[in-house]
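Asker: Below you'll find the structure I mean.
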Amino acid sequence: MSSIASGLLQVLDERRITGRLPADVRVQVSRLRHAVKVATLAAAGIVPAPPPPAALSAFDAGAALQAWIRAQPWAQPDPEGWVYLLHFVDPATGAYRPLRGQGNRGQVAGHYWGWTTDLERRIVREHRNPKWTGPGRLVQVALAAGLSFELAYLEYPATLGRERRLKHQGGAARRCPLCRGTGGPLDPAAAVAAVAGGAR
Ligand SMILES: [Zn+2]
């Protein structure tokens, strides 16, 4: 019990969380800290073992603190979903065709990284829909420029943080099976069904 409590205190110290706690929780932390210290000294035979009520209050304080931490937004696990990579193509030939920006400083975008919890909806009803006006504007610009796209690569389960890392790494073509010639276009419905089948 006291090892759980001291582990918890260590997490608080390492992440410098204690200073951000509400005052009443901070009081609990300081009681917990004291109880852990007494328990540690008692275990080492330096001081007599604390009476049971102190140990009980350390447990209560620890449990209350853990419950409070679990309820905080920064302690929530990232939701898992799909990271996907779109590869822009010429709809007539199916060949890779990047989107070129306007002007002589125009940027070239041959791929689009995205993350979603609903792959079919995202690809079929949003990205494929030329009238879609929500997030994913680059894809709509590509469609308006006469391009199409293929679903080239997937990761599941994956977090939004994973998608950000892949995006910021750059070099999407290096990860793209269509560019590398190591795979064909993916079907979102089939991918979703495959994952559902695997989970059964
Ligand atoms: Zn590609």
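Asker: Helix by helix through the chain, keep the DSSP H runs that span 20 Å or more along the axis on Cα and average at least 0.0 on Kyte-Doolittle, and give those back in order.
Answerer: 23-43, 52-70
Asker: To two decimal places, what compactness ratio does segment 81-199 give when its Cα radius of gyration is scaled by 2.2 N^0.38 Å?
Answerer: With N residues counted in segment 81-199, Rg over 2.2 N^0.38 Å equals 1.03.
Asker: Cα centroids of segment 55-98 and segment 128-173: how far apart, whole angstrom?
Answerer: 19
Asker: Next up: About its Cα centre, what dipole magnitude does the chain give when the only charges are +1 on Lys and Arg Cβ and -1 on Asp and Glu Cβ, stated in debye to the nearest 20?
Answerer: Approximately 560 debye in magnitude.
Asker: So, R0 is 41 Å and r is the distance between the beta-carbons of residue 74 and residue 128; what FRET efficiency does that work out to, to 0.05?
Answerer: 0.70
Asker: I'd like to compare 33-43, 133-143: which one has the highest average count of other Cβ atoms within 10 Å, and what's the full order after that?
Answerer: Working: 33-43: 17.2, 133-143: 15.4.
My ranking of the peptides, most packed first, is 33-43, 133-143.
Asker: Between residue 67 and residue 182, what FRET efficiency comes out of the Förster formula 1/(1 + (r/R0)^6) with R0 = 45 Å and r the beta carbon distance, rounded to 0.05?
Answerer: Details: r = 48 Å, r/R0 = 1.07.
For residue 182 and residue 67, the calculated efficiency is 0.40.
Asker: With every protein chain left in place, what is the accessible area per residue of the chain in square angstrom, probe 1.4 Å?
Answerer: Per residue, the chain has an accessible area of 62 Å².
Asker: From the gyration tensor of the Cα coordinates in the chain, what semi-axes in whole Å does the equivalent ellipsoid have, largest first, with each one equal to sqrt(5λ)?
Answerer: Rounded to whole Å, the semi-axes are 54, 18, 15.
Asker: Picking from 114, 74, 132, whose Cα lies most toward the positive end of the charge dipole for segment 58-142 (charges on Cβ: Lys, Arg +1; Asp, Glu -1)?
Answerer: Value: 132.
The values are calculated or read from the model by the stated rules, or taken from the named source; none is laboratory data. Note that the coordinates shown come from a computational prediction; the quantities given were computed from them, not determined experimentally. Ideal geometry is used to build each Cβ from the backbone, glycine not excepted, and the neighbour counts take in all protein chains shown. We work out accessible area using only protein heavy atoms, side chains counted, and drop any ligands, DNA or RNA first. Shrake-Rupley method; radii C 1.70, N 1.55, O 1.52, S 1.80 Å.
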